[in-house]
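*Asks:* One structure, as structure tokens, below. Some questions next.
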Amino acid sequence: MDWHSSCIYKHAFCLWLAIMVAHRTRDKLLLLGIVDSALCPFNCGENESTEHLFFACPFTQQIWMQILNMCNVKRQIAPWSDEIQWMIDHSRGNKFPQTLRKLAFAATIYHVWMERNRRCFKNNFLNPDHIIHKIQGHVAAKLWSQKNPMVQAGEHYLSLGCNWGLFG
Ligand SMILES: [Zn+2]
């Protein structure tokens, strides 16, 4: 397994945890008495839960909105279970836009969770642009490590390729 696929494996595992609502979010830790407060580490004043992190929180919602824009998807952000269903309905097959959506979704979940951990455990903060840049870099690296689908994609996907920095 090369570096890129192991990196994407981590994304897929993190996505699976999120779909199963299995992340150790602060609402659960509060119930267990492990933390004193369930407050969201993105300072929005709400309590942290899976639903909140993905993507009811204003901080994470602006990241997901921007990533969807980069996928040329224009729509409102829905509750978490609806976001999962939307992705199931709109990422079937191996065509370029669908592949991109899947990679972008998993990478966004992963990097939001990493930033959440950075804030909880390291007291270290990245801004949304920096997080979006990390997501873009990982998705572009994965696409380049495949057989450069842009070569066959034709000009229909030019704007997607530009959005994700696939043309160098
Ligand atoms: Zn929040």
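The values are calculated or read from the model by the stated rules, or taken from the named source; none is laboratory data. In this text, all values refer to a predicted model and were calculated from it rather than measured experimentally. Cβ sites come from the backbone with ideal geometry, for glycine too, and all protein chains shown count toward neighbours. We work out accessible area using only protein heavy atoms, side chains counted, and drop any ligands, DNA or RNA first. Shrake-Rupley method; radii C 1.70, N 1.55, O 1.52, S 1.80 Å.
*Asks:* Please list, ordered by residue number, the helices (runs of 4 or more DSSP H) wholly in the range 22-102 having 3 or more residues that are β-branched (Val, Ile, Thr) and away from the ligand (no atom under 15 Å from the Cβ).
*Replies:* Once the helices (runs of 4 or more DSSP H) in the range 22-102 are filtered for at least 3 residues that are β-branched (Val, Ile, Thr) and away from the ligand (no atom under 15 Å from the Cβ), nothing remains.
*Asks:* Sticking with this one: Determine which member of the set GLU51, GLU115, GLU46 is within 21 Å of LYS134 (Cβ to Cβ) and acidic (Asp, Glu).
*Replies:* Going through GLU51, GLU115, GLU46 in turn, just one is within 21 Å of LYS134 (Cβ to Cβ) and acidic (Asp, Glu): GLU115.
*Asks:* Hey, among PRO79, PRO41, which residue is more than 28 Å from TRP144 (Cα to Cα) and open to solvent by 40 Å² or more (accessible area, probe 1.4 Å)?
*Replies:* PRO79
*Asks:* Which one of the conditions (1) within 25 Å of PHE54 (Cβ to Cβ); (2) open to solvent by 20 Å² or more (accessible area, probe 1.4 Å); (3) modelled with pLDDT under 85 does ARG101 fail to meet, given that it meets all the rest?
*Replies:* Of (1) within 25 Å of PHE54 (Cβ to Cβ); (2) open to solvent by 20 Å² or more (accessible area, probe 1.4 Å); (3) modelled with pLDDT under 85, only one is false for ARG101: (3).
*Asks:* Take the conditions out of contact with any strand residue (DSSP E or B) (no Cβ under 8 Å at 6 or more places or on another chain) and surrounded by 19 or more Cβ atoms within 10 Å (Cβ to Cβ) and apply them to ALA106. Does it pass?
*Replies:* In short, yes.
*Asks:* Determine the pairs where a residue that is open to solvent by 60 Å² or more (accessible area, probe 1.4 Å), located within the range 49-69, has a partner that is among the acidic types (Asp, Glu) and more than 11 Å from the ligand (Cβ to nearest atom) with Cβ atoms under 9 Å apart, the partner being 6 or more residues away or on another chain.
*Replies:* Taking only residues 6 or more apart or on different chains, the pairs are GLN66/ASP129.
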